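> Here's a structure for you.
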Amino acid sequence: LTVNTEHFYAFYNKELPAPWQSTQALHPADLEGISLCCNYGSYALLRNVFKDYAVKPNVAFIATTAESALTFATSGLGVAVVAALEGDAVPQEMVRQQLVDEKLHFDQTLYWSKEHKLSPAAEGFLEFFRNFN
């Protein structure tokens, strides 16, 4: 069951001098030479996408979570590139711009075994997501 689609965004402190701020679309190539932080789960995908643009990402920090990557960016040390939902809150001191590339997204998906009966709690959880979407 696909629940939501998360897109990749560049999060950065408003005080960070970002040369792309005046552009409407932000592409991975625009981040060339910028100190980046991402979470471990998305590093391989980002590296492959950047390769398509013939750009080697300057990954200064690989965090264990998206929240840790955001902390890196909030401090002004660079740009966090993480997956998020469109409606996720953006900290007040931060700017968020979606990275434009057809490969830069994750589908949030729930899986379960049809060979085993789900518990009542799991059935309730699954029904919540079916009704939510």
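> Does segment 82-94 contain at least one residue that is under 19 Å from N39 (Cβ atoms) and in contact with a Cys (Cβ under 7 Å, 6 or more places away or on another chain)?
So far as segment 82-94 goes, yes, one or more of its residues are under 19 Å from N39 (Cβ atoms) and in contact with a Cys (Cβ under 7 Å, 6 or more places away or on another chain).
> Additional query: Select from segment 92-108 the residues that are open to solvent by 50 Å² or more (accessible area, probe 1.4 Å) and not acidic (D, E) and write down the one among them that is farthest from L31 (Cα to Cα).
Q108
> Out of all the residues in segment 119-126, is one or more open to solvent by less than 90 Å² (accessible area, probe 1.4 Å) and either within 22 Å of L36 (Cβ to Cβ) or in a loop (DSSP other than H, G, I, E, B) (or both)?
Yes, because at least one residue in segment 119-126 is open to solvent by less than 90 Å² (accessible area, probe 1.4 Å) and either within 22 Å of L36 (Cβ to Cβ) or in a loop (DSSP other than H, G, I, E, B) (or both).
> So, one more: If I ask for residues that are outside any strand (DSSP E or B), open to solvent by less than 60 Å² (accessible area, probe 1.4 Å) and under 21 Å from E86 (Cα atoms), which ones from segment 32-46 would you list?
Across segment 32-46, the qualifying residues are S42, L45, L46.
> I would also like to ask the following. Whether any residue in segment 47-58 is of a type outside the set (G, A, S), surrounded by 14 or more Cβ atoms within 10 Å (Cβ to Cβ) and in a strand (DSSP E or B) is what I want to check.
Yes, segment 47-58 contains a residue that is of a type outside the set (G, A, S), surrounded by 14 or more Cβ atoms within 10 Å (Cβ to Cβ) and in a strand (DSSP E or B).
> Has segment 98-117 got at least one residue that is part of a loop (DSSP other than H, G, I, E, B), touching a helix residue (DSSP H, G or I) at 6+ places or on another chain (Cβ under 6 Å) and aromatic (F, W, Y)?
No, segment 98-117 contains no residue that is part of a loop (DSSP other than H, G, I, E, B), touching a helix residue (DSSP H, G or I) at 6+ places or on another chain (Cβ under 6 Å) and aromatic (F, W, Y).
> Right, here's the next one. Those residues that are small (G, A, S), touching a Leu at 6+ places or on another chain (Cβ under 8 Å) and surrounded by fewer than 18 Cβ atoms within 10 Å (Cβ to Cβ), I need them from segment 65-91; list them, please.
G76
> State which residue pairs qualify: first residue part of a strand (DSSP E or B) and inside segment 63-89, second residue of a type in the set (K, R) in any location, beta carbons under 8 Å apart, and separation of 6 or more residues or different chains.
Final answer for the pair search is A84/R96.
> Those residues that are surrounded by 13 or more Cβ atoms within 10 Å (Cβ to Cβ), acidic (D, E) and in contact (Cβ under 8 Å) with a residue 24 or more places away in the chain, I need them from segment 4-31; list them, please.
Of everything in segment 4-31, just one residue is surrounded by 13 or more Cβ atoms within 10 Å (Cβ to Cβ), acidic (D, E) and in contact (Cβ under 8 Å) with a residue 24 or more places away in the chain, namely E6.
The values are calculated or read from the model by the stated rules, or taken from the named source; none is laboratory data. Quick caveat, the model's predicted, so the values are computed rather than measured. Positions of Cβ are backbone-derived with ideal geometry, glycine not excepted, and every protein chain shown enters the neighbour counts. The accessibility values were calculated without ligands, DNA or RNA, using every heavy atom of the protein model including side chains. Shrake-Rupley method; radii C 1.70, N 1.55, O 1.52, S 1.80 Å.
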